[in-house]
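Asker: First the structure, then my questions, so here it is.
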Amino acid sequence: MLRTYQKIHRRKTRVVNVGNVLIGGDNPISVQTMTNTLTTDSKSTINQIKRIVKAGADLVRVSIPDKDSSESLKQIVKNSKIPIIADIHFHYKRAIESAENGASCLRINPGNIGSKEKVKDVIKAAKNNNCSIRIGVNGGSLEKKILEKYSEPNPEALVESAINNIKILEDNDFFNFKISVKSSDIFMAIKAYEGLSELCDYPLHLGITEAGAKRTGTIKSSIGMGNLLLNGIGDTIRVSLSDEPEEEVRVGFEILKSLGVRNRGIKIISCPSCARQQFEVIDLVKKLEKSLEDIEKTITVSIIGCVVNGPGEANMTNIGITGGGNNTHMIYVDGKKDHIVKDRDLAPYLEDIIRKKAKNSSI
């Protein structure tokens with residue numbers, strides 16, 4: 001129902017594959033997260049991935065700090081409906097093992113893997129197992145030579161590190177990779193991604209690293225990644241929160257939904273409520289957000305407590321409710337008045353209407 005008045009023109013990038021998920025080009029911007037269980041506890045990790053999949057994630061990353069973790073990867077990959085990305089630091093053998101044990105992508109920083117021969121061995125394993133690579137440059141772990149040159153992390157240092165690492169892969173005839181230049185500083189990350197996007201056409205993985213807890217991290221990620229996405233930069237995203245990975249996925253989709261670049265699930269438009277409200281708006285919104293989390297179909301819902309903006313918002317949504325006097329409220333369907341509801345528990349009543357709409361709609 002809602003029209004988009006400005007279309008985002010995405011930067012044209014190469015296409016790489018992460019398992020059966022294509023990144024870059026005209027493919028949808030994918031949403032990913034990372035498990036926070038012990039990878040050696042394969043049962044807990046698999047259960048968490050199932051919750052992550054239910055939240056809508058396209059990809060999931062798991063940390064591989066030791067050989068036992070890379071061994072657990074066999075069982076985890078077998079039980080995951082989405083591609084697994086192995087997160088590797090320092091130990092090149094963990095990367096090789098992960099590729100051989102079913103990982104669809106290796107997250108590495110070639111600069112901290114070791115000698116060129118070790119990097120070649122990792123690339124060979126990736127090639128032999130149809131495994132892509134993410135060059136993960138981070139403001140908190142830049143190479144010693146880069147830090148000596150720039151004294152401290154800055155956008156130029158991040159970009160130079162990325163370009164150096166790109167050359168390592170290209171020199172070994174490997175091109176199935178994407179890149180990130182993350183920082184916990186929004187301005188540094190934005191400048192680095194902007195600079196890198198002008199120098200190469202590889203897909204970019206966006207993120208504001210170590211963004212913080214749910215509220216702070218959501219705000220920082222929305223500002224940083226939203227700025228880049230508005231300018232057509234970014235092919236896959238990960239919201240980094242000190243929270244459950246499912247929450248990272250939900251926030252990621254909300255960012256994309258807000259920009260109109262990818263829609264999934266219920267989109268609620270609601271007023272902040274005031275003395276004019278004719279029902280408890282905040283309570284109703286919270287209940288519906290929770291009860292409708294499982295719906296994947298894109299449905300827009302307006303929940304407005306009074307007639308000031310209620311009818312106007314309802315005209316632009318699939319399902320709407322506008323508060324009226326004497327506990328009598330108007331229900332809208334596809335922008336038109338449908339019926340009046342009086343003296344009802346609104347949460348289950350609206351949930352039923354929305355679920356029927358989602359089931360029967362071709363949206």
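The values are calculated or read from the model by the stated rules, or taken from the named source; none is laboratory data. Since we're looking at a predicted model, the values are computed, not measured. Ideal geometry is used to build each Cβ from the backbone, glycine not excepted, and the neighbour counts take in all protein chains shown. For accessibility, only protein heavy atoms count, side chains too; no ligands or nucleic acids. Shrake-Rupley method; radii C 1.70, N 1.55, O 1.52, S 1.80 Å.
Asker: Could you list, in sequence order, the residues of region 169-185 that are of a type in the set (D, E, K, R) and touching a residue at least 24 places away in the same chain (Cβ under 8 Å)?
Answerer: K178, K182, D185 - these are the residues of region 169-185 that are of a type in the set (D, E, K, R) and touching a residue at least 24 places away in the same chain (Cβ under 8 Å).
Asker: Restricting attention to region 94-123, which residues are open to solvent by 60 Å² or more (accessible area, probe 1.4 Å) and either of a type in the set (A, V, I, L, M) or at pLDDT 95 or above (or both)? Let's see the steps before the verdict.
Answerer: Of the residues in region 94-123, the ones open to solvent by 60 Å² or more (accessible area, probe 1.4 Å) are 100, 116-118, 120-121.
Correct list: E100 only.
Asker: A follow-up question, please. Any residue that is in contact with a Cys (Cβ under 8 Å, 6 or more places away or on another chain) and either outside any loop (DSSP other than H, G, I, E, B) or touching a residue at least 40 places away in the same chain (Cβ under 8 Å) (or both) - is there at least one of those in region 280-294?
Answerer: Step one: list which residues in region 280-294 are in contact with a Cys (Cβ under 8 Å, 6 or more places away or on another chain), which gives 281.
If we keep only those that are either outside any loop (DSSP other than H, G, I, E, B) or touching a residue at least 40 places away in the same chain (Cβ under 8 Å) (or both) too, we end up with 281.
Yes, region 280-294 has at least one match.
Asker: Now, a different point. I'd like to verify a number: residues in region 183-207 that are at pLDDT below 95 and crowded, with 24+ Cβ neighbours inside 10 Å, how many?
Answerer: 1
Asker: Do the conditions hold for S291, that is, is it open to solvent by less than 50 Å² (accessible area, probe 1.4 Å), touching a helix residue (DSSP H, G or I) at 6+ places or on another chain (Cβ under 7 Å), closer than 29 Å to Q32 by Cα and of a type in the set (S, T, Y)?
Answerer: Answer is yes for this residue.
Asker: Here are K74, K81, K67, K43: which of them is at pLDDT 95 or above and closer than 30 Å to I268 by Cα?
Answerer: When all the criteria are applied, what remains is K81.
Asker: Out of contact with any helix residue (DSSP H, G or I) (no Cβ under 6 Å at 6 or more places or on another chain), under 30 Å from V31 (Cα atoms), open to solvent by less than 40 Å² (accessible area, probe 1.4 Å) and of a type in the set (G, A, S): is that true of G310 in this structure?
Answerer: The answer is no for G310.
Asker: Evaluate region 11-30: report whether one residue or more is assigned to a helix (DSSP H, G or I), closer than 19 Å to S104 by Cβ and in contact (Cβ under 8 Å) with a residue 24 or more places away in the chain. So that I can check it myself, show each step before the final result.
Answerer: Here is the first cut: in region 11-30, the residues assigned to a helix (DSSP H, G or I) are none.
Among the residues of region 11-30, not one is assigned to a helix (DSSP H, G or I), closer than 19 Å to S104 by Cβ and in contact (Cβ under 8 Å) with a residue 24 or more places away in the chain, which makes the answer no.
Asker: At pLDDT below 95, under 21 Å from M34 (Cα atoms) and open to solvent by 40 Å² or more (accessible area, probe 1.4 Å): is that true of G140 in this structure?
Answerer: yes
Asker: Moving on. What number of residues in region 320-351 are farther than 17 Å from D283 by Cα and outside any loop (DSSP other than H, G, I, E, B)?
Answerer: 12
Asker: I want to confirm something. Restricting to region 36-55 and keeping residues that are under 15 Å from the mean Cα position of the chain (by Cα) and open to solvent by less than 10 Å² (accessible area, probe 1.4 Å), which single residue is nearest to P245 (Cα to Cα)?
Answerer: I52
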